[in-house]
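Shown next, in structure tokens, is the structure this report addresses.
The values are calculated or read from the model by the stated rules, or taken from the named source; none is laboratory data. Note that this is a predicted model, so its numbers are computed, not measured. Positions of Cβ are backbone-derived with ideal geometry, glycine not excepted, and every protein chain shown enters the neighbour counts.
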Amino acid sequence: MNFLAHALLAEPTPESRLGNVLADCLRQPDLATLPAGVVAGVKQHRAVDAFTDRHPLVHRAIGRISERWGWFTGIILDVYFDHLLAVRWDRYCPVPLGQFVFEVGTDLRATAGCLPDGAAMTAGWRGRA
């Protein structure tokens, strides 16, 4: 759920951004059908998640709210961490936040056609009535 962080950490290419932002929507068998740049982005997303999931500060944050929020704890923390990134955006990226979000959105729409139907529907790009 921490889309902003994954978009920032992605290589500045449409394929890397797509893979980094939508990795959670993609199943392992889907990867064989995707362009190499998207697959690289998915792998980067999963490596970042593996690192943060093991980090002591993340474990401490989980411990502070998990009793109350249970299964939703990880989602809440991802959204909170993206909020903190957005509030201090200029420390981490020279591109203004609004411009960055626009550029990422443009890249995602430009490359979304390569997604399998299930992932595209999960992302909300196909199957809308």
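Overview of values
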quantity: Number of the condition not met by Gly70 [criteria: (1) at negative phi; (2) at pLDDT 95 or above]; calculated: (1)
quantity: Meets criteria (farther than 14 Å from Leu18 by Cα and either modelled with pLDDT of 95 or more or acidic (Asp, Glu) (or both)) for Ala40; calculated: no
quantity: Helices (runs of 4 or more DSSP H) wholly inside the stretch 36-109 containing at least 2 residues that are under 18 Å from the mean Cα position of the chain (by Cα) and surrounded by 15 or more Cβ atoms within 10 Å (Cβ to Cβ); calculated: 36-54, 73-87
quantity: Filter result (loosely packed, with under 15 Cβ neighbours inside 10 Å and of a type outside the set (Ser, Thr, Tyr)) within the stretch 2-35; calculated: Glu11, Pro12, Arg27, Gln28, Pro29, Ala32, Pro35
quantity: From the options Leu22, Leu77, Leu26, Leu34, residue that is within 30 Å of Phe102 (Cβ to Cβ), out of contact with any Asp or Glu (no Cβ under 6 Å at 6 or more places or on another chain) and at pLDDT 95 or above; calculated: Leu77
quantity: Residues of the stretch 37-48 classified as in contact (Cβ under 8 Å) with a residue 24 or more places away in the chain and within 14 Å of Leu26 (Cβ to Cβ), total; calculated: 7
